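Reading through the structure tokens given below for one structure.
The values are calculated or read from the model by the stated rules, or taken from the named source; none is laboratory data. These figures come from a predicted structure and were not determined experimentally. Glycine gets a Cβ as well: all are built from the backbone with ideal geometry, and neighbour counts include every protein chain shown. Ligands, DNA and RNA are excluded from the accessible area calculation, which covers all protein heavy atoms including side chains. Shrake-Rupley method; radii C 1.70, N 1.55, O 1.52, S 1.80 Å.
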Amino acid sequence: MFPSPRAQAVATARRPVGRRSLGPAATCSPSGRRVTVGRTTPSRLVLHPCVIETANYNVQLFGSTLPVKVMEALTSNVDDSLMVKIHELGWAWLVCGDRIIIWKICQSSAKHMSCKELQLPPSEFPWSADLVDISTTGDAATTQSVSVMAATCEGSIHYWPSLMHEDLYTEAYADFGDSVCSFLTAVKAGSFIMSSSKNQHVRLMPDATGKIYQRFLQQGQGMLSGIGRRVSTLFGILSPTVESSLLSVLWDKADCFYTLTNNNINKWDLDDNSEYHVLSWDMNRVLKGDISDAIWVSIETQN
């Protein structure tokens, strides 16, 4: 169910970039799905061993030349670790220092590309593309229909109701105590969920004026919360521990929000105005039980 933290539904790449000419992207397409994995010049395709063409993967050039702002950022920040994400609706954003450069990909020419530069909130930690996401209404091809939210590890938030007006944004703050923010995910009704490294989650709901209302997602309040401990143990359904470390999140576009920790898989059902925690599955307990059963079966077989 879960991709790795760096290979979610939105593709992510993070690495230092050297000075060189930039052209169309080299892409690796498993089963028809296209994911950006590198950059090359139009005249020379350099393939990393992990994306050499096989029976299951086709490597091909795709897309037009990158916008000027993106090319300048890539060539002038050779000492920085850059992070980029590509959204399934055809938008991409590059986190470069304290800036976000966001643009529409797969357009006919670089001249007509929609490209905006946004200022991130101040932070003592490195900025992350995992703490940026977009929400769209209507035609996702225009900047007017795209809203952007970005956060820092400390919990400072900037929200742009419309990408068309990059200078107009509102500020907010989410307090996770001594835990740092790890992920920001766009969900239903133009809202977002911000998640901390200790598996805490707050839903951020902007109104028409841009003001952001907050509500923490409660755990253990769903339809399975009333069953007994003995029954829950049989199914591996237990409340998540406070010390769980968050590894990844997933919004499946079908009203369900999932989290993966080092101990549990959790699920919430979301509607426009509420959230219901319906499942916490203890992977460690189930795996230990399966391993113990396998050991005993092996011993009995040998005897």
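Taking first residues from the stretch 82-105 that are among the small types (Gly, Ala, Ser) and partners that are surrounded by 21 or more Cβ atoms within 10 Å (Cβ to Cβ) and outside any strand (DSSP E or B), the Cβ contacts under 9 Å between residues at least 6 apart in sequence or on separate chains come to 92/70; 97/73; 97/127.
For the stretch 44-103, how many residues are among the basic types (Lys, Arg), surrounded by fewer than 14 Cβ atoms within 10 Å (Cβ to Cβ) and at pLDDT 85 or above? Looking only at that region, the number is 0. Scanning the stretch 135-169 for residues that are under 14 Å from residue 87 (Cβ atoms), in contact with a helix residue (DSSP H, G or I) (Cβ under 6 Å, 6 or more places away or on another chain) and open to solvent by 40 Å² or more (accessible area, probe 1.4 Å) returns a single hit, 136. One residue stands out among those in the stretch 111-128 that are open to solvent by less than 40 Å² (accessible area, probe 1.4 Å) and more than 23 Å from residue 156 (Cβ to Cβ): the one that is modelled with the lowest pLDDT, which is 113. If I filter the stretch 170-186 down to residues being modelled with pLDDT of 95 or more and of a type in the set (Phe, Trp, Tyr), which single residue comes out as least open to solvent (accessible area, probe 1.4 Å)? Among those that are modelled with pLDDT of 95 or more and of a type in the set (Phe, Trp, Tyr), it is 183.
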